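What follows is a set of notes on a single structure, which appears directly below.
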């Protein structure tokens with residue numbers, strides 16, 4: 001069972017603002033990218049077609065706290081932790097570590113909550129339980145137990 005995933009990203013020039021720091025909105029793109037990589041590490045695609053053509057995991061909550069700036073060409077190690085698994089939702093905590101400053105606290109911390117849904121023929125989404133094949137692969141990180 002997996003409770004943690006990490007990846008490294010090098011900050012691109014196009015991700016920075018006029019002050020030379022990563023624009024705040026890019027942290028949400030980073031979080032989505034890490035979430036997708038996490039699902040692939042479990043053997044799934046974000047499209048989740050292996051579960052059902054109508055299954056999805058839209059976000060119902062996303063937040064980020066910024067603590068220190070990231071700049072062009074910084075290498076950032078992004079950690080995703082499974083913080084909570086409920087009947088229909090999964091809550092993730094994310095931490096962004098600037099590898100240029102080893103030993104420093106996270107440069108930012110984020111949160112994502114996703115809900116399992118099935119797309120109905122009417123076009124609406126209906127919340128459904130987390131599929132067993134997915135739930136079997138997940139566990140809550142010890143830090144959050």
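For 88, 126, the sequence from fewest to most other C-beta atoms within 10 Å is 126, 88.
For the chain, a Gaussian network of Cα nodes joined below 10 Å ranks 32, 75, 133 by mean-square fluctuation, and the top entry is 133. When 74, 121 are sorted by how many other C-beta atoms sit within 10 angstrom of their C-beta, beginning with the fewest, the order is 121, 74.
You can think of it this way: the chain between residue 65 and residue 13 has 16.5 nm of extra reach, that is 0.36 nm per residue less the Cα-Cα gap. On the principal axes of its alpha-carbon atoms, the chain has extents of 47, 34, 23 Å, going from largest to smallest. Cβ crowding within 10 Å, taken as a proxy for footprinting-reagent exposure, orders 76, 140, 22 from fewest neighbours to most as 140, 76, 22. Angle of helix 24-41 to the longest C-alpha principal axis of the chain, folded into 0 to 90 degrees and rounded to 10: 50°.
Note on the chain: GNM, Cα springs under 10 Å; of 56, 110, 43, the largest mean-square fluctuation is that of 43.
Considering helices alone, the calculated mean residue ellipticity of the chain at 222 nm is -4500 deg cm²/dmol, with DSSP H runs of length four and up weighted by -39500 (n - 2.57) and normalised per residue.
Values in this text are rule-based calculations from the coordinates and carry no lab data. Bear in mind the structure is a predicted one, so any value in this text is a computation, not a measurement. Because the Cβ atoms are built from the backbone with ideal geometry, glycine has one as well, and the counts that use them run over all protein chains shown.
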